[in-house]
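Below is one structure, written out as structure tokens, with a few remarks after it.
The values are calculated or read from the model by the stated rules, or taken from the named source; none is laboratory data. As the structure is a prediction and not an experimental result, all values here were calculated from the model. Neighbour counts run over all protein chains shown; Cβ positions are idealised from the backbone, glycine included. SASA here: full protein model, heavy atoms, side chains in, ligands and nucleic acids out. Shrake-Rupley method; radii C 1.70, N 1.55, O 1.52, S 1.80 Å.
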Amino acid sequence: MNRKIKYNWLDKIKTFCLGIVAFVLLLLPFISFSQVKASIDSTSIKIGQQITYKIEVETDTVNNVVFPVGQSFMPLEMLEAYKTDTTKQNAKYKLIKKYGLTQFDSGRYVIPKQKVIIAGKQYVTDSLLVEVNNIVVDTTKQKLFDIKPMLEVEKPASNWWIYIVIGLLLLTLIGFLIYWFVWRKKPLTEEEQIALLPPYDRAKLALQKLDESNYLEFDRYKEYYSELTLAIRKYLDEKVYDRALESTTDQLIARLEILSDGNQIELTKSHIKKIESVLKRADLVKFAKSAPDVELAKIDRTVIDEEIDNVKEALPEPTEEEKLLNLEYKKQQERKVYRQKIGVTIAAIVFMLGLTFAAFSYRYGFDYVVDTVFQKDTKQLLEGSWVDSDYGFPPITISTPEVLKRDDVPIPDDMIDKIKVSAFGYELKNKFTIKTMSTILPSTPEGQAAPTAEDNVLKAIEGNLKAIEAEGGRNIISNKDKFKTPNGAEGVKTSGTFDYPTDHNKQDYVNGQFVILSFANKDVIQQILITYLKDDIYLDQVVERILASVELKQKQD
């Protein structure tokens, strides 16, 4: 009985051990395995020459891998981090990450161990030794030359010609309309041609048109006599008595008799009597609805025709002085017409310009149109040809309205050999400044605690605000906030307002704003400093566009 119980226990233990072994074997495919290896393509380079630092990782496909970022290769400087190359081998991945490194001082340098995080676990690569050699120049074979001067680089072509073409087309259209409606010699209408005839010819033409009418055929005596008397009245009005048109028959006849008695016109009493007879008969037809015989009406037409001739012969010949006066009058009329055309042309141009200004003001706003017409400098800064470029080291990629030029940054004598500062800037006098700065910090002596990146940023911002104050800035109000670039680099944004002087004597102050972007780690501080005039809508847009373009190349996805 006891032997049987013992045998059962041994069998259970053996079964349990076999189960554990089977379970372990079952989990083997899921156990993580990783291997990290670092190498460089050369252990000896010349100053400024680039070497390629490579990290190879073999790991399971399910593991997340984080490679080093930023300036973690000091004292060597990282120029560029290349995209990760990934290949799959069975159930594992082989990841290769490459970095471009260099150094601008000769010596022997150790690339520190790099940390690689795989599935939340940290792995460390081996440190590597690099020797940087001076470039030996044989001056007996290679001549030395002076540094070449800076060359002016032409700005890229813009679409300015399109606006010129549109402007020329509009001017051509306006000019054509003014010519067509104002200056063009238009064909004269029949009325205008008649008006240009001498008074005698106009009177004769009026009688001719009366003959061509059919008034008498349809017993339209009123219209007939109206035009008949109007012909002689107009002639008398222009040549004899300037109130002949509005005078009554008796008044007109009385005036003709006075002129005849005074020998001002050589018109006999019988001629005046004939004119009076026709005019009075016409009054009866027009006002008393009298209906004379057709033949009598034709006779009256002949009388008027003859009397117009008699009046012409009775008028004295114009003297030379009168002819000159008439010629001068004609010239005055021509000058008057010319001045009217000039006035109409100017009025049309002003109207078109005003209409165009109003249309653009309605579409874009009054201030925008005024600033465009007068070429406001801050508006030109915003709408000019912007430049995308990298500045300093580590490189800051940024879009700016003008190319930033290298600036000299004063460094204390005791720090010249310890830090390196690369600065570039641009200024629109008294309105806008931008500067980029990259500062490589000195290494911390052994035995001392290295300052954190946050401490470095705070010190740098404090130095920036003191620099603004040293240059005359006052009433500085600032606030800090987190900032993230489009490519994911995180930093600190310090912004605020201040007053700054517009002259060297610091007498005139204007309201300004500033923005400082700061990015740092334990070795490097990178900053962008912008100051600009407050309440300028174009500068506000300039700053927004700059901030949206900032990227740090050492931060790779």
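Mind giving me the nanometre distance, one decimal, between the label points for F176 and V387, set 7 Å out from Cα along Cα→Cβ?
Going from the F176 label point to the V387 one covers 4.3 nm.
Roughly to the nearest percent, how much of the accessible area of the stretch 297-400 is carbon and sulfur, given a 1.4 Å probe? It would help to have the intermediate numbers written out before the result.
Numbers: 4220 of 6980 Å².
With neighbouring chains kept in place, the figure for the stretch 297-400 is 61 percent.
Share of the stretch 455-515's accessible area from carbon and sulfur, percent, 1.4 Å?
Working: 1620 of 3670 Å².
Carbon with sulfur: 44 percent of the solvent-accessible area.
Hey, what's the stretch 328-435 come to in accessible area per residue, 1.4 Å probe, Å²? If you can, show how the numbers build up before the last one.
On the way: 7330 Å² over 108 residues.
Counting only protein heavy atoms, the per-residue value for the stretch 328-435 is 68 Å².
Roughly speaking, to the nearest percent, how much of the stretch 152-261's 1.4 Å accessible area is carbon and sulfur? Don't skip to the end; give the middle numbers.
Values: 4650 of 7920 Å².
Result for the stretch 152-261: 59 percent of the exposed heavy-atom area is carbon or sulfur.
Leaving ligands and nucleic acids out of the surface, order H271, H504 by accessible area at 1.4 Å, largest first.
On the way: H271 45, H504 185 Å².
Descending accessible area places them as H504, H271.
Just how large is the dipole of the stretch 271-343 about the Cα centre, in debye to the nearest 20, putting +1 at every Lys and Arg Cβ and -1 at every Asp and Glu Cβ? All intermediate terms of the calculation are to be shown ahead of the outcome.
Working: 16 positive and 16 negative charges, 135 e Å.
My answer is approximately 640 debye.
Quick check: net charge around N310, other residues with Cβ under 11 Å of its Cβ, Lys/Arg +1 and Asp/Glu -1? Present the calculation step by step, with values, prior to reporting the outcome.
Details: positive: K274, K312; negative: E266, D305, E306, E307, D309, E313.
Charge balance in the 11 Å sphere: -4.
Would you mind checking the pairs K54/K94; K286/K312; K405/K459 and listing those with alpha carbons more than 20 angstrom apart? Write down the numbers at each step before the final one.
Numbers: K54/K94 13 Å; K286/K312 27 Å; K405/K459 25 Å.
K286/K312; K405/K459, as the Cα separations exceed 20 Å there.
Given K506/K534; K269/K330; K83/K420, which pairs have Cα atoms separated by over 23 Å? Before the final figure, lay out the partial values.
Details: K506/K534 18 Å; K269/K330 35 Å; K83/K420 28 Å.
Too far apart for the 23 Å limit: K269/K330; K83/K420.
Let me cross-check D390: its accessible surface, 1.4 Å probe, with only protein heavy atoms counted, in Å² to the nearest 10?
70
Give, rounded to the nearest 20 debye, the magnitude of the charge dipole that the stretch 48-128 has about its Cα centre when Lys and Arg contribute +1 at Cβ and Asp and Glu contribute -1 at Cβ.
Magnitude of the dipole: close to 220 debye.
Sorted by average packing, counted as other Cβ atoms within 10 angstrom per residue and highest first, what order do 480-492, 229-241 take?
On the way: 480-492: 14.5, 229-241: 19.7.
Top to bottom by mean Cβ count within 10 Å: 229-241, 480-492.
Counting only the heavy atoms of the protein chains, how much of W180 is accessible to a 1.4 Å probe, in Å² to the nearest 10?
Surface open to solvent at W180 totals about 100 Å².
Could you tell me the accessible area of E383 in Å² (1.4 Å probe, neighbours in place), rounded to the nearest ten?
Per-residue accessible area (E383): approximately 100 Å².
Would you please put 273-281, 361-369 in order of how densely packed they are, using the mean number of other Cβ atoms within 10 angstrom per residue and starting with the highest? Spell out each step's value before the answer.
Numbers: 273-281: 17.7, 361-369: 12.8.
The packing order, highest mean first, is 273-281, 361-369.
Can you tally the net charge around F498? Count Lys and Arg as +1, Asp and Glu as -1, for every other residue whose Cβ sits under 10 Å from the Cβ of F498. Walk me through the numbers on the way to the answer.
Working: positive: R474, K534; negative: E469, D499.
Counting the neighbours of F498, the net charge comes to 0.
Label the stretch 304-359 by shape, choosing from rounded, prolate and oblate, from the square roots a ≥ b ≥ c of the eigenvalues of the Cα gyration tensor; if a/c is under 1.5 it is rounded, and otherwise prolate applies when a/b is larger than b/c, oblate when it is not.
Values: a/c = 11.99, a/b = 2.93, b/c = 4.10.
Taking the square roots of the gyration eigenvalues as a ≥ b ≥ c, the stretch 304-359 is oblate.
Sort I342, I174 by accessible area with a 1.4 Å probe, largest first.
Working: I342 65, I174 40 Å².
The most accessible residue leads, giving I342, I174.
Considering only protein heavy atoms, what per residue accessible area in square angstrom results for the stretch 161-310 with a 1.4 angstrom probe? Kindly include the intermediate steps, with their values, before the conclusion.
On the way: 9660 Å² over 150 residues.
For the stretch 161-310, the per-residue accessible area is 64 Å².
Tell me, what is a quarter of the convex hull surface for the C-alpha atoms of the stretch 449-527, in nm² with one decimal?
Values: hull surface 24.9 nm².
That works out to 6.2 nm², a quarter of the Cα hull's surface.
Give the peptides 324-337, 460-473 in descending order of average Cβ contacts within 10 Å, highest first. Spell out each step's value before the answer.
Details: 324-337: 10.3, 460-473: 14.9.
The peptides rank, most packed first, as 460-473, 324-337.
Across bins of 10 angstrom width beginning at 0, how are the C-alpha pair distances of the stretch 342-383 distributed, in whole percent?
All Cα pairs considered, the percentages come to 28, 40, 24, 8, 0.
Separation of the stretch 490-557 and the stretch 73-133 by C-alpha centroid, Å?
That distance is 34 Å.
List residues of the stretch 285-323, by number, whose backbone nitrogen lies under 19 Å from a label position 7 Å along Cα→C-beta of S226.
Of the residues in the stretch 285-323, 285-292, 297-298, 301 have backbone N under 19 Å from the label point off S226.
Using the Cα centre of the stretch 284-399 as the reference point, and only Cβ charges (+1 on K/R, -1 on D/E), how large is the resulting charge dipole? Debye, rounded to the nearest 20.
Values: 15 positive and 20 negative charges, 96 e Å.
Magnitude of the dipole: close to 460 debye.
What FRET efficiency comes out for the pair T189/Q380, r = Cβ-Cβ distance, R0 = 60 Å, nearest 0.05?
So the FRET efficiency works out to roughly 0.65.
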